[in-house]
Amino acid sequence: MSDFIHAAAVLDALPIPCYVLDNEANFIFINKKALAYFKKPSADMLGKNVWAIFKHSINTTYYHEINQAFKNKKETSFEYLSVFTESWIKLTVTPLPKGILVTFSTTQKNMENVIREAEQRYLINLEKDIDIRTKELQNSRDELETIYNSTLMSMSVLSAINDENGKITDFQIALVNKALEKETGRDDLIGKHYAQEFPGIKKSGLFDLMLKVMETGLPQTTEYFYPYEGFNKWYSCMFVKMGDSLLATNLDISERKIAEQLSLENSAMIQGIANSAPDMLYAINLISLEQFYSNHRIEQLVEKSQDEIKKMGKDFFEQFIHPDDKVNFYNELKGRLSKRETKELVYRLIDAKGHIHWIKTKSAAYVRDESGFSTHIVGISQDITKQRELEERNKQLTLERNELEKQQQKEILKATLNAQEEERQRIAESLHNGLGQVLYGVKTSLERLNLGSANAIEENIDILNRSKELLSLCIQESRKISHELMPSILEDFGLKASIKDVCSQLRGKTHFNCTFSNLDVHLDKYIQLAVYRIVQELSLNIMKHADAKNAHIDVSVLDDQIYIMAKDNGKGFDSKKSKKNGIGLKTIESKVKLLNGKITFASKSNETIVRIQFPL
């Protein structure tokens, strides 16, 4: 009991809040600083269970870390948001043989003022109590060593060494705990001079801080990197004046410092990656509908900072999501509260300037509750406005192309039917005016025969000879019509001879000149027939409409392409008007279209050139 009383006196003199919990998590000691912080009398806390008093802390980091300290019996430091001051509190939990020691401090400004006031009151009473405390400490050396040795924090008591002018030149090590011996690897420190054993304290500025505590009496804490005497570690230390001595504590915080540095570096790297990404990156709290992270791409689009977006909460979506897409958008977020897998969502967003953007977004849960339901999601969104516009334009062009193809097919069919009708009419005229008239002449001649008179023999012979001549003309006319329907010369003698025959048959007031190039290559029958009909139609058009003296037909094959050129020195024509009204040109165009070719017209006074090209 005496040990505990002396230990309690030491802890009560500390300028930072602390308390002790037994293994049942009941308060067995609370110093004055802690009581001032909690604003409760000791009677309301001593003997009470910590979770009965701090009910609101059960769902916080504080609850988890305290229980871990009881379980693992290891010293730990952590930070959490206080339910009393709504500020971040830094705690250090040190295991004891029958419980734990908790020390803590706050970074809230108003709490700093409270601590300073308490420190002033402490200093007023310090001079009165210092001699008593020093004697108690000296009498309780064994008890203090028990307390010191029960913590993993390195602790020592240092006595000031003064020169003849009263200036402190060093400190003698009066007491060390097991943790300090373990940290330094030495068990011979008691009685040694601190600065002589650890000269790095002067280079690091720790010695000046110790002198300041001795001069002002105010406790000092700091975090420092100590690269001397082979330590190369980060420490958190506290110096408290006790008469002519110092109570010094040191805690190795290298792991935390390294973790903090890595966290800062990783955070900066991730932030840089996020802001350099061409897409929009975000994080949303599904419960509060707060978008608590937005990269530069989103900030530029809505012309608001990340903090402004975060403060807007659900109003951000109300303001910028297109009214027609809000129901679907909210339903998707609501659905993400379940265990549903990642789903793609397309919606419209209205930017700060009122422009509509099509957004495609995909998200994934990165925080889930204990039941496995999503509570926070991260996602990436792409602005697909241009892509949507291109898709819509492509659809429109497809419709227009289909409509044009239908119209072209209609025109081709119409031209083909007209050409067939014209061909039938021409054949009918040939049969009626040519073959029909000659046959009618044969009939008339034969009707003049007088078979009953012997005197009519010579006349009958003349009639029969005339009929014979007329029948020869019928045969010639029949062959001519048959040749026009299916040119046997093409089958018998080939394309070159057939084209020459066309030019030869059409000789009259127009002189035709036919030239050829590389027509010795093998051409399919349907290609030969198509070339023949095109040349035939071009030649007929020149003869009927051009009123030309000379015409030139050229057919050549080059690089798997057939080229046809028809040139005359006639009166020319209006290509647009002629293509609209002329059946002949429509027939040629339809044939070229079916052959996947192209046709061009160039006509002026005294010269017309038609060029046709299509693949073999």
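The values are calculated or read from the model by the stated rules, or taken from the named source; none is laboratory data. Just so you know, these numbers come straight off a predicted model, no measurement behind them. When we count neighbours, we look across all protein chains shown, and the Cβ atoms used for this are built from the backbone with ideal geometry, even at glycine. Ligands, DNA and RNA are excluded from the accessible area calculation, which covers all protein heavy atoms including side chains. Shrake-Rupley method; radii C 1.70, N 1.55, O 1.52, S 1.80 Å.
Would you check if N450 is modelled with pLDDT under 80, open to solvent by 60 Å² or more (accessible area, probe 1.4 Å) and not in a helix (DSSP H, G or I)?
Yes: the conditions hold for N450.
A quick yes/no check of all residues on (1) surrounded by fewer than 16 Cβ atoms within 10 Å (Cβ to Cβ); (2) modelled with pLDDT of 85 or more; (3) assigned to a strand (DSSP E or B):
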residue: L529; (1), (2), (3): no, no, no
residue: M543; (1), (2), (3): no, no, no
residue: A548; (1), (2), (3): no, yes, no
residue: D554; (1), (2), (3): no, yes, yes
residue: I564; (1), (2), (3): no, yes, yes
residue: G570; (1), (2), (3): no, yes, no
residue: T587; (1), (2), (3): no, no, no
residue: Q613; (1), (2), (3): no, yes, yes
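Which residue pairs have Cβ atoms under 6 Å apart, sit 6 or more places apart or on different chains, and have a first residue in segment 268-289 that is within 13 Å of L333 (Cβ to Cβ) and a second that is modelled with pLDDT under 75 and not hydroxyl-bearing (S, T, Y)?
Pairs that qualify, where the first residue is within 13 Å of L333 (Cβ to Cβ) and the partner is modelled with pLDDT under 75 and not hydroxyl-bearing (S, T, Y), are L286/R336; L286/L337.
If you scan segment 229-249, which residues turn out to be open to solvent by 20 Å² or more (accessible area, probe 1.4 Å), touching a helix residue (DSSP H, G or I) at 6+ places or on another chain (Cβ under 7 Å) and at pLDDT below 90?
Scanning segment 229-249 gives E229, K233, W234, M242.
Please count how many residues of segment 349-374 are of a type in the set (K, R), open to solvent by 60 Å² or more (accessible area, probe 1.4 Å) and in a strand (DSSP E or B).
2
From the residues in segment 453-480 that are assigned to a helix (DSSP H, G or I) and among the polar types (S, T, N, Q), which one is farthest from I427 (Cα to Cα)?
By that ranking, first place goes to N455.
With respect to the numbered conditions (1) open to solvent by 60 Å² or more (accessible area, probe 1.4 Å); (2) modelled with pLDDT of 70 or more, which one is the sole condition not fulfilled by G441?
It fails just one condition, (1).
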